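**Student:** Just dropping this structure here.
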Amino acid sequence: MSKKIQAIRGMHDILPDRIPTWHRLEDTARRVLEGYGYSEIRTPVVEVTDLFKRSIGEVTDIVEKEMYTFPDRNDDSLSLRPEGTASCVRAAIEHGLLMQPQRLWYRGPMFRYERPQRGRYRQFHQIGVEVFGLEGPDIDLELMLMTARLWRELGLEGFRLEINSLGDAEERAAYRAELIAYLEAHVEQLDEDSCKRLHSNPLRVLDSKHPQTREIVAGAPSLLDHLGATSRAHLDHIRAGLERAGVDYQVNPRLVRGLDYYNRTVFEWITDELGAQGTVCAGGRYDGLVAQLGGRPTTAVGFAMGIERLVELLELSGAQDDPGIDAYLVALGERAQQEAPVLAERLRDTLPELRLVVHAGGGSFKSQFKRADKSGARYALILGEDEAERGVVGVKALREQIEQRELDFTALAALLAGTPA
Ligand code: ATP
Ligand code: MG
């Protein structure tokens, strides 16, 4: 017997029963983002590998060990995108979008070869935002207020907003030297990855998930002490804005983010309800990336949120997202069966929002009715020879105790529209 073919480890089918929750999240996000004037952009899921090496950074978890990289038939090295920012920047440069400020958003699957566990998959989905050409803290603040609004609209509570500033390149360089000195003094207690990165990318050590390394990191010098006046004012503006808007936050001086390209503002929204994988949204400013990828120097700031984690939270909150169907049409007898699709099309013409299932495959009245009941529909519409003859439809409420009625087309359409005559 041949081996059963299954989905790849860490990559999941999203079955129909969960889709309504995905839709609610995606629809709400789209509405909120468009409400702030953000435009959607769609980019390919495959890019040349160099794009990610040059943007995310060579000495990062993602590029070192998480990318799906392969040669194509032309022997070019390609990678499945592990995140969306690099592609957005590439597209913005390539299509000359950077002549004016841009507020963009995207959604779609991302791919990382990680150890699959709750909240961590090899194919996962993100909705993200990138803003180009606006350098003030006002836009960083807007991103935080916009995400706070999204949580409210989704009815998600209890998220913690953590913010930090990574300073500018010079401030970081000074801090880097001090951090290296501190870490060198504790090198015996660091995990292997952190030792390796101590000199190549010491800030990443602050982000280590290794318990013992985290203890060392807790005593490390703080980046906040190295901020110059401009970086400090930038952070203070955001803090004041959050306070005025009534959005709670904490400054976390250890927050660095796992990608190399950030400067100044970084932030994360975190929940305690998902176990170890508690970050649902993360982002920050990356003013140097556009130039680094060959575009004219353009400031930028953005974030990405993990859809699977947010969907899990929505499911945990017990929200009922099944939009259900309105009606299930059963037909018995030759004439009625011919009449059924005609009636259904007429109803769809009249009620574009109507969710109507037309029974297919024949069968006895009893078996058809069973299907109607199982479908979760609110009404069963019954078309027999007699009803077809007289131009009426039998209507039985499946979820309420209402006696079966006979309605003509106008009355039926009114009932299904929610305004029964
Ligand atoms: P983490 O520290 O959890 O690995 P990260 O810093 O690698 O996160 P980002 O690259 O900033 O994450 O991605 C933004 C968001 O996308 C995360 O906060 C998370 O919600 C989600 N995310 C990241 N990686 C995964 C994954 N492998 N599976 C599911 N969601 C993910
Ligand atoms: Mg990660």
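The values are calculated or read from the model by the stated rules, or taken from the named source; none is laboratory data. Here the structure is a predicted model, which means the values were calculated and not measured. Positions of Cβ are backbone-derived with ideal geometry, glycine not excepted, and every protein chain shown enters the neighbour counts.
**Student:** Of the residues G324, G318, only one is closer than 25 Å to A397 by Cα and free of Cβ contacts under 8 Å to residues at least 60 places away in the same chain; which?
**Tutor:** That would be G324, the only listed residue that is closer than 25 Å to A397 by Cα and free of Cβ contacts under 8 Å to residues at least 60 places away in the same chain.
**Student:** Could you pull out the residue among G295, G275 that is at negative phi and in contact (Cβ under 8 Å) with a residue 12 or more places away in the chain?
**Tutor:** G295
**Student:** Kindly indicate whether any position in the range 184-200 is under 22 Å from Q250 (Cα atoms), in a helix (DSSP H, G or I) and not assigned by TED's automatic domain parsing to the domain that holds V256.
**Tutor:** The answer is no, given that none of the residues of the range 184-200 is under 22 Å from Q250 (Cα atoms), in a helix (DSSP H, G or I) and not assigned by TED's automatic domain parsing to the domain that holds V256.
**Student:** Also: Residue check, R296 against (1) under 21 Å from L206 (Cα atoms); (2) among the charged types (D, E, K, R); (3) surrounded by fewer than 19 Cβ atoms within 10 Å (Cβ to Cβ), all met but one. Which one?
**Tutor:** (1)
**Student:** I'm checking my understanding of the structure. Among residues of the range 228-280 that are among the basic types (K, R) and closer than 24 Å to T299 by Cβ, which one is farthest from ligand 2 (Cβ to nearest atom)?
**Tutor:** R244
**Student:** Looking only at the range 331-347, decide whether some residue is assigned to a loop (DSSP other than H, G, I, E, B), surrounded by 21 or more Cβ atoms within 10 Å (Cβ to Cβ), more than 44 Å from the chain's Cα centre (by Cα) and at pLDDT below 95.
**Tutor:** Within the range 331-347 (the criterion being assigned to a loop (DSSP other than H, G, I, E, B), surrounded by 21 or more Cβ atoms within 10 Å (Cβ to Cβ), more than 44 Å from the chain's Cα centre (by Cα) and at pLDDT below 95), the answer is yes, since at least one residue qualifies.
**Student:** Examine the range 5-21 for a residue that is surrounded by fewer than 19 Cβ atoms within 10 Å (Cβ to Cβ), polar (S, T, N, Q), over 21 Å from the mean Cα position of the chain (by Cα) and not in a loop (DSSP other than H, G, I, E, B), and state whether such a residue exists.
**Tutor:** Among the residues of the range 5-21, not one is surrounded by fewer than 19 Cβ atoms within 10 Å (Cβ to Cβ), polar (S, T, N, Q), over 21 Å from the mean Cα position of the chain (by Cα) and not in a loop (DSSP other than H, G, I, E, B), which makes the answer no.
**Student:** Another question about this same structure. Which pairs have Cβ atoms under 7 Å, sit 6 or more apart or on different chains, and link a residue in the range 61-76 that is free of Cβ contacts under 8 Å to residues at least 40 places away in the same chain and farther than 19 Å from P202 by Cβ to one that is in a strand (DSSP E or B) and within 16 Å of ligand 1 (Cβ to nearest atom)?
**Tutor:** Once the first residue is free of Cβ contacts under 8 Å to residues at least 40 places away in the same chain and farther than 19 Å from P202 by Cβ and sits in the range 61-76, its partners that are in a strand (DSSP E or B) and within 16 Å of ligand 1 (Cβ to nearest atom) give T69/S79.
**Student:** With a cut-off of at least 3 residues that are farther than 23 Å from V301 by Cα and in contact with a Ser or Thr (Cβ under 9 Å, 6 or more places away or on another chain), name the strands (runs of 3 or more DSSP E) lying wholly within the range 70-170.
**Tutor:** 77-80
**Student:** Could you give me the residue pairs with C-beta distances under 8 Å whose first residue belongs to the range 169-183 and is closer than 14 Å to R264 by Cα, whose second residue is of a type in the set (S, T, Y) wherever it lies, and which are 6+ apart or on separate chains?
**Tutor:** From residues that are closer than 14 Å to R264 by Cα, the pairs are E171/S231.
**Student:** Identify all residues within the range 1-46 that are in contact with a Phe, Trp or Tyr (Cβ under 8 Å, 6 or more places away or on another chain) and at positive phi; write none if there are none.
**Tutor:** Residue satisfying the conditions is G10 alone.
**Student:** When you look at P116, is it closer than 20 Å to Q277 by Cα and surrounded by fewer than 18 Cβ atoms within 10 Å (Cβ to Cβ), yes or no?
**Tutor:** Considered against the rule, which asks whether it is closer than 20 Å to Q277 by Cα and surrounded by fewer than 18 Cβ atoms within 10 Å (Cβ to Cβ), P116 comes out as yes.
**Student:** Further, regarding this structure: Among the residues of the range 64-76, which ones are over 20 Å from I93 (Cβ atoms) and at pLDDT 90 or above?
**Tutor:** Within the range 64-76, K65, E66, M67, Y68, T69, F70, P71, D72, R73, N74, D75 qualify.
**Student:** Can you pull out the residues in the range 257-306 that are within 11 Å of ligand 1 (Cβ to nearest atom) and among the basic types (K, R)?
**Tutor:** Hit for the range 257-306 is R257, nothing else.
**Student:** Moving on to the next point. For Y106, are the conditions met, namely being surrounded by 19 or more Cβ atoms within 10 Å (Cβ to Cβ), under 20 Å from the mean Cα position of the chain (by Cα) and assigned by TED's automatic domain parsing to the domain that holds L310?
**Tutor:** When the stated conditions are applied, Y106 passes them.
**Student:** Moving to a separate point now. What are the pairs, 6+ residues apart or on separate chains, where a residue within the range 384-403 that is surrounded by 15 or more Cβ atoms within 10 Å (Cβ to Cβ) has its Cβ under 9 Å from a residue that is assigned to a loop (DSSP other than H, G, I, E, B) and hydrophobic (A, V, I, L, M, F, W, C)?
**Tutor:** Partner pairs satisfying both residue conditions: G384/L332; E385/L332; V395/I402; K396/I402; L398/A377.
**Student:** Identify the residue in the range 82-123 that is within 14 Å of ligand 1 (Cβ to nearest atom) and aliphatic (A, V, I, L, M) and, among all such residues, is nearest to G295 (Cα to Cα).
**Tutor:** A86
**Student:** Another question, if that's okay. Can you name the residue in the range 67-77 that is under 24 Å from the mean Cα position of the chain (by Cα) and surrounded by fewer than 18 Cβ atoms within 10 Å (Cβ to Cβ) and, of all such residues, is nearest to ligand 2 (Cβ to nearest atom)?
**Tutor:** Filtering first and then ranking leaves Y68.
**Student:** Continuing with this model, one more query. When the residues of the range 150-167 are narrowed to those that are touching a residue at least 40 places away in the same chain (Cβ under 8 Å) and surrounded by fewer than 17 Cβ atoms within 10 Å (Cβ to Cβ), which ends up farthest from G96 (Cα to Cα)?
**Tutor:** If we take residues in the range 150-167 being touching a residue at least 40 places away in the same chain (Cβ under 8 Å) and surrounded by fewer than 17 Cβ atoms within 10 Å (Cβ to Cβ), then G158 is farthest from G96 (Cα to Cα).
**Student:** Then there is this: Checking M99 against (1) within 28 Å of L203 (Cβ to Cβ); (2) among the hydrophobic types (A, V, I, L, M, F, W, C); (3) surrounded by fewer than 18 Cβ atoms within 10 Å (Cβ to Cβ), only one condition comes out false. Which one?
**Tutor:** Single failed check for M99: (1).
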